Amino acid sequence: PTAPLTVSARPYEYTFDPATTALVLIDMQRDFLEPGGFGESLGNDVSQLRSTIEPLAAVLAAARAVGLTVIHTREGHLPDLSDLPPAKLNRGGATLKIGDGGPKGRILIRGEYGQDIIDELAPAEGEPVIDKPGKGAFYATEFGDVLKARGITSLVVTGVTTEVCVHTTVREANDRGYECLVLSDCVGSYFPEFQRVALEMIAAQGGIFGWVASSEQFLDALA
Ligand code: TIU
């Protein structure tokens, strides 16, 4: 066992054992961060998410350097759409729907270029990549089994978008008994006001869903 580390965080300091902690990168995919994908098809300005890339790349490098478990997720569907509920397909009346052909391949379909993780944060050999059909990382995936097999009890959560897939995953994780630290500048939203409030919602009420710290505070703890 390694010595526990402590991060300055809201609502109070977060203590974690690197041996039982995973860095989780949620859905840092071209479909959400680059033009011509799912995020843009929903009417969003995808440039809003790009500020997360640089701090997250630094956190990823530091996590790898100390040997923290690193797990990536990707939202996406099977090519035959058999895992896509009509409710999700038809929502919103977008011109480009899930499964349609876009400039970077079929929108949000597993195996397509646009559905994969951006080059800056590409998974390294051996890092699990969890493909998920929903917003939460636990629903209809092997994520929970991967965490159990590795003895992980604490999650450092990053990725996009803060109020959708990050929140859903943090809520799912809480109900399963995991501690969650969310890195404020490594999560991003298309809506600045949602970003602020979503982070407040995690740390409020004594940390109802977990803790919030900046990447700098997390890197200080690892150093
Ligand atoms: N639309 C939006 O904000 N997010 C998603 O659809 N998926 C994720 O957050 N990954």
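Any read-out appearing in this document is the output of simple, stated calculations on the displayed coordinates, not a laboratory observation. In this text the structure is predicted, and so the values were computed from the model without any measurement. Note that we place each Cβ from the backbone using ideal geometry, even for glycine, and neighbour counts take in every protein chain shown.
Details
- For peptides 212-223, 6-17, sequence by mean Cβ density within 10 Å, most packed first: 212-223, 6-17
- Among N174, N44, N90, residue whose mean-square fluctuation peaks in a GNM of the chain (springs only between Cα atoms under 10 Å): N90
- Computed packing ranks the peptides 105-117, 180-192 as 180-192, 105-117, most packed first, by mean other Cβ atoms within 10 Å.
- Per-peptide average of other Cβ atoms within 10 Å, ordering 138-144, 167-173 highest first: 167-173, 138-144
- Residue (of L49, I208, L181) at the positive-pole extreme of the chain, dipole from beta-carbon charges: I208
- A straight line joining the Cα centroids of region 34-68 and region 138-213 runs 15 Å.
- Inter-site label distance for S82 and S51 at 7 Å from Cα along Cβ, in nm: 4.3
- Think of each Lys and Arg Cβ as +1 and each Asp and Glu Cβ as -1; about the Cα centre, that makes the dipole of region 96-174 roughly 300 debye.
- The chain: calculated mean residue ellipticity at 222 nm from DSSP helix runs of at least 4, using -39500 (n - 2.57): -8000 deg cm²/dmol
- Plainly put, the chain has a radius of gyration that is 0.95 times its Kirkwood radius, both from alpha-carbon atoms, as the Rg/Rh ratio.
- Over the chain, relative contact order from alpha-carbon pairs under 8 Å, at least 6 apart, %: 27
- Per residue, the average separation of C-alpha pairs within less than 8 Å and at least 6 apart gives region 138-191 a relative contact order of 42 percent.
- Anisotropy class assigned to region 119-223 is rounded, per the alpha carbon gyration tensor with a/c under the 1.5 cut-off.
- Bridging of K97 to lysines at a Cα separation below 23 Å is possible for K88, K132, K135, once same-chain residues fewer than 8 apart are set aside.
- Here r is the Cβ-Cβ distance between Y113 and R64 and R0 is 22 Å; the resulting FRET efficiency, rounded to 0.05, is 0.35.
- Spatially proximal aspartates and glutamates relative to K104 (Cα-Cα < 15 Å; intrachain offsets below 8 disregarded): D31, E34, E40, E112, D116, D119
- Cross-link reach is defined here as a Cα-Cα straight distance under 18 Å, omitting same-chain residues fewer than 8 places apart; for K148 the aspartates and glutamates meeting it are D17, E127, D131, E172, D175, E179.
- Simple spin-label estimate for T2 and R196 gives 3.5 nm between the two label positions (7 Å along the Cα-to-Cβ direction from each Cα).
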